[in-house]
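Just so it is clear, none of the values below were taken in a lab; they were calculated from the coordinates. Keep in mind that what you see is a predicted model, and the values were worked out from it rather than measured. Note that each Cβ is placed from the backbone with ideal geometry, even for glycine, and that neighbours are counted across all protein chains shown.
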Amino acid sequence: MVMEYLRIIVIVFSAIFGAAFGSFACCQAWRIRLKEEGKKDPGRRSVCLNCGKRLTWYENIPIISWILQGGKCRKCGKKIGKAEILAEVFGAVSFGLIAWRFLSAGTINYIGFSLVLLMIVGMLLLAIYDAKWQEMPVVVLVYVIIMGLALAVLGIVQTGVSMNGILSLLGSVALLAGTYYLLYLFSKERLVGEGDWMLCLAIGLALGKWQLALVELFLANFIGSIVMVGLGKKKAAFGPFLVIAFVAIVVLEDVIMHYLSF
Ligand SMILES: [Zn+2]
């Protein structure tokens, strides 16, 4: 019983942290963008990007402030972008679910848990940036590739070095990064951008199993197609769908491997 309460508390706190990191990722995305455009950084504190009003602490609480203010700036009434609230909600949901998944395992893999969360913060930033400006900052792509590499190494160390394990990891990278690199080359950046294949490399490394990579490929395209049809768009940034699919696969890894291990 006590353990059950403890588990719920950890999951709730992870979700709160996730919302805060979603907000952080959004701020950092704007900061990188303003720097890229040669504009002045608004400084350490958050400001309204329309009127420059500094946000007080109670206007800066993830999710809650957005709801209380009806998604608008209190001074100028300018609508706060959808990306902000979506990033906060997605951060909360993904951190909560991933905490639940890692806490459900017999022995808790604390290093893996931390690395996955650190990677998701970078991926959230990339998803926001891609959705807003249809590109991804290289410095953050390198960061998520390093996190993916760390997870790949951890996976090999924890399960023991085996030929099967290494082949599965290489298969995962080839399926995701390989497919998107070829699409990138042959479509001459029209279908797939440079950021997409680098993000796929990070995801391929982090998933580490070819079965998971295959599901990632299908799921990201499936979600992307549904959203594009739903929004009536012909083209959309692909980054956000790769990230949503990644979180879903990490959470459902055991189920997927149960049905797809041969
Ligand atoms: Zn304002």
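Assorted remarks:
- Formal net charge of residues neighbouring Glu135 (Cβ-Cβ distance under 15 Å; K, R +1; D, E -1): -1
- Placing +1 on the Cβ of every Lys and Arg and -1 on the Cβ of every Asp and Glu, with no other charges, gives segment 22-109 a dipole of roughly 480 debye about its Cα centre.
- Cα→Cβ-extended label distance, 7 Å offset, between Leu231 and Tyr5, nm: 4.4
- Contour minus Cα-Cα distance for Arg74 and Ile111 (0.36 nm per residue): 9.2 nm
- Equivalent-ellipsoid semi-axes for segment 79-203 (Cα gyration tensor, √(5λ), whole Å, largest first): 26, 23, 10.
- Violating pairs (Cα-Cα greater than 22 angstrom) within the set Lys75/Lys233; Lys132/Lys234; Lys72/Lys132: Lys75/Lys233
- Unpaired by the 4.7 Å Cβ criterion, cysteines found in the chain: Cys26, Cys27, Cys200
- Equivalent ellipsoid semi-axes - Cα gyration tensor, segment 103-157, angstrom: 26, 13, 6
- For segment 179-225, the gyration tensor built on C-alpha atoms gives an oblate shape. Its axis ratio a/c (a ≥ b ≥ c) is at least 1.5, and a/b is not larger than b/c.
- Reachable aspartates and glutamates from Lys39, criterion Cα separation under 19 angstrom, eight or more residues apart if same chain: Glu135
- Unit Cα scatterers, Debye sum, the chain: log10 I(q)/I(0) for q = 0.11, 0.12, 0.16 Å⁻¹: -0.64, -0.76, -1.26
- Crossing angle, helix 239-251 versus the chain [Cα axis fit, 0-90 degrees, rounded to tens]: 50
- Zero-based 5 Å bins, Cα pair distances in segment 1-108, whole percents: 2, 12, 18, 20, 16, 11, 8, 6, 4, 2, 0, 0
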